[in-house]
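Scroll down for the structure; my scribbles are underneath it.
The values are calculated or read from the model by the stated rules, or taken from the named source; none is laboratory data. If you're wondering where the values come from, they're calculated on a predicted model, not measured in any experiment. With ideal geometry, Cβ positions are generated from the backbone for all residues, glycine too; neighbour counts draw on all protein chains shown.
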Amino acid sequence: MRSRLLLSVAVVGVTLGGVAAWLALSQVDEDNRRAPIPRERSEPPLISSTSWGVRQSLAQIVGNPTDFRRNADLYALLADTGLAEVEALLADVASLPASPHRYDVARVLYTRFAELDPDAAADHVVAANYHSSWVTAVFRAWAHTDVDAAVDRAATLESDAKAIAAEAILELDLPPGRQEQIAGQLDGKHVLAAIHARKALTGAERDFAAAWASALRLFDIPQQPDAPELFGRRAVAFEHLGPLARRWARHDPVAAMAAVVNARPPYDEVMAQVVLQVWASADPPAAVAWLAGQQTAREGWARALMQGLTKRGVDEAIRAIDSIPARLQGEAALGLVSALRERDAGDVDFQILIDWYGTLEAPSGRLTGNLSRAFAAHDPQRAMAWAQTLNGRAQKAAFNAAATQLARSDPALPKRLVGEIESTGLRREAAQQVVFSQAFKNPRATLEWARSFPVEADRPQLERQAITMWARVSPRDATREVLAIRDAESRDATAARIARDVARKGHADLAEDLFNAAESVSARRRIATALVSHYTETEPDRAKADFYRAIAPERVRAVKVR
């Protein structure tokens, strides 16, 4: 939910009157995070009759890559729709093919919904796992027709949704006094400050120092980093101070840096990183020289510097590390490889990076892992081959990171590449990492792969690991899988391994099923230990606790019961 607030602010032009107002309210909001689409329906998406006289499905409209044509078709579809039809279309959005335009379509639908019945639209949007632009659409449309009613309804929302609605309303052309009143009613004074700061950016080039000082006054937040109610206010502050710091850095990085490092925490640390990234990408020697001359330079600054330098070229960034104070070189190296993970590294010559890595005396596991992830995203087979050339902890870190990266982009690829590893021990460790990185997301497929692993001797351990991970996601499904294992030894070992997690998830009944199915004394004792803990601490039941304590190991029986 916090991410909704951080990314909820967008600049949208507002015009008045009829369809023109509706079109203005429907500007694309690309900065908001993705969220699940509203309720699904089994029926196919409705058919529209566009202004071109061509009947199109909602899926065809969403699939149109041209913004103008897509929006024109959508507006034509909605021109004569009623409330029930709009709700049906919102439900249909969930069945559309994956596309970033689905979320914008839902936003336009919510705008129309709010025109027809704003109160019902508000109920509908907050009942869903909403996208912040949908809340904005509803309350901006509502406020155009009845500001007071929109404010009253917004005041009843939970904090994050209320802040989004407050911004939608406060961005309208309202008298200053009325804005202040609404901001107070909606706990949105920090939102109003953000709007004022955004307007101040327009004239910042005339006097960056004055604009910066003004922005800091607007976001003068008490230093209580752990106060939950201040988190959202700081998020808004960072979002609006950042653009100002970047623009100032492009104009005069020296002055910008002097100002931001003297700001109060936490703005000094974060904004200095913003300025350094811009400075390093525009004038590397000057930025490196500035950092090298700082007696109290912070680790985050070194990372930010390298992230800026990598935009100029990896080789230049590597050369710059030697010019940075020795105590910061480790963080600088980490910043270099982290930057490659965060951007398209298609033009990077990874051999330069691998050669450089080979010159490091004792690279950290974090550095190795980040480099391996970036390499795996760029060239999976070479990354896995490189990992095999490493030793000890570095090898494990590289394999783990590569497998995790590949699991996100192509789950089948690491499974295939692991089977090609010649070293028995290395292959086993890599296979375990594949299970670890994929079992949460797709437990059934991961378990099936473990059971068909090329090396038969490794299958039991991989199977137990896959089911153990599964138990943390779905205890009931995992327990059912364990009870279906035919081999008693394997069944007992797996049951004993997952019993504690199953009980901790609140499924003592399933843990008891595992206990009853176990045949070996050792497995029954381990499961009994988990049940003693559950019936003593989580769900007190003296009789059951005593029953399982009598079966548990001596160390458990020896514990005195109060």
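Can you pull out every residue in the stretch 414-441 that is surrounded by fewer than 19 Cβ atoms within 10 Å (Cβ to Cβ) and assigned to a helix (DSSP H, G or I)?
The answer is 416, 419, 424, 425, 426, 428, 429, 436.
Under the condition of being surrounded by fewer than 16 Cβ atoms within 10 Å (Cβ to Cβ) and not polar (S, T, N, Q), which residue from the stretch 380-390 is farthest from residue 338 (Cα to Cα)?
Per the criteria, the residue is 385.
What are the pairs, 6+ residues apart or on separate chains, where a residue within the stretch 353-367 that is touching a residue at least 24 places away in the same chain (Cβ under 8 Å) has its Cβ under 7 Å from a residue that is loosely packed, with under 14 Cβ neighbours inside 10 Å and assigned to a helix (DSSP H, G or I)?
365/393
Quick check on the stretch 368-390. Is at least one of its residues outside any helix (DSSP H, G or I), within 24 Å of the chain's Cα centre (by Cα) and more than 24 Å from residue 472 (Cβ to Cβ)?
no
Kindly provide the set of residues from the stretch 481-496 that are crowded, with 20+ Cβ neighbours inside 10 Å and either farther than 12 Å from residue 470 by Cα or aliphatic (A, V, I, L, M) (or both), ordered by number.
Matches in the stretch 481-496: 482, 491, 492, 493, 495, 496.
Give the number of residues within the stretch 177-209 that are modelled with pLDDT of 85 or more and either exposed (fewer than 13 other Cβ atoms within 10 Å of the Cβ) or part of a helix (DSSP H, G or I) (or both).
Residues flagged as modelled with pLDDT of 85 or more and either exposed (fewer than 13 other Cβ atoms within 10 Å of the Cβ) or part of a helix (DSSP H, G or I) (or both) within the stretch 177-209 amount to 11.
Quick test for you: out of 336, 367, pick the one residue that is buried (at least 23 other Cβ atoms within 10 Å of the Cβ), within 27 Å of residue 407 (Cα to Cα) and either at pLDDT 85 or above or of a type outside the set (Lys, Arg) (or both).
336
Here is a yes/no grid of residues against (1) out of contact with any Pro (no Cβ under 9 Å at 6 or more places or on another chain); (2) more than 26 Å from residue 310 (Cβ to Cβ):
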{"site": "359", "(1), (2)": "yes, no"}
{"site": "363", "(1), (2)": "yes, no"}
{"site": "373", "(1), (2)": "yes, no"}
{"site": "380", "(1), (2)": "no, no"}
{"site": "400", "(1), (2)": "yes, no"}
{"site": "412", "(1), (2)": "yes, yes"}
{"site": "444", "(1), (2)": "yes, yes"}
{"site": "455", "(1), (2)": "yes, yes"}
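Within the stretch 113-167, restricting attention to residues that are polar (S, T, N, Q) and crowded, with 24+ Cβ neighbours inside 10 Å, which residue is nearest to the chain's Cα centre (by Cα)?
Filtering first and then ranking leaves 132.
List the pairs whose first member sits in the stretch 309-329 and is without any contact (Cβ under 8 Å) to a residue 24 or more places away in the chain and within 20 Å of residue 294 (Cα to Cα), whose second member is part of a helix (DSSP H, G or I) and among the aliphatic types (A, V, I, L, M), and whose Cβ atoms are under 7 Å apart, counting only residues at least 6 apart or on separate chains?
Sorted first by the residue in the stretch 309-329, then by its partner, the pairs are 317/306; 317/309; 317/336; 321/332; 321/333.
Return yes when residue 243 is touching a residue at least 40 places away in the same chain (Cβ under 8 Å) and not in a helix (DSSP H, G or I) and no when it is not.
So residue 243 fails the test.
Does any residue in the stretch 379-400 that is free of Cβ contacts under 8 Å to residues at least 24 places away in the same chain come within less than 8 Å, Cβ to Cβ, of a residue that is outside any helix (DSSP H, G or I) six or more places away or on a different chain, and which pairs are these?
Pairs found: none.
If you take the residues in the stretch 254-285 that are small (Gly, Ala, Ser) and closer than 18 Å to residue 336 by Cα, which one is surrounded by the fewest Cβ atoms within 10 Å (Cβ to Cβ)?
282
Any residue in the stretch 77-96 that is more than 30 Å from the chain's Cα centre (by Cα), under 29 Å from residue 179 (Cα atoms), among the small types (Gly, Ala, Ser) and modelled with pLDDT of 85 or more?
Looking through the stretch 77-96, none of the residues is more than 30 Å from the chain's Cα centre (by Cα), under 29 Å from residue 179 (Cα atoms), among the small types (Gly, Ala, Ser) and modelled with pLDDT of 85 or more.
Enumerate the pairs (first residue in the stretch 411-435 and closer than 21 Å to residue 472 by Cα; second residue anywhere and surrounded by fewer than 17 Cβ atoms within 10 Å (Cβ to Cβ) and at pLDDT 80 or above) with beta-carbon separation below 7 Å, excluding pairs fewer than 6 apart on the same chain, so at least 6 apart or on different chains.
411/442; 431/458
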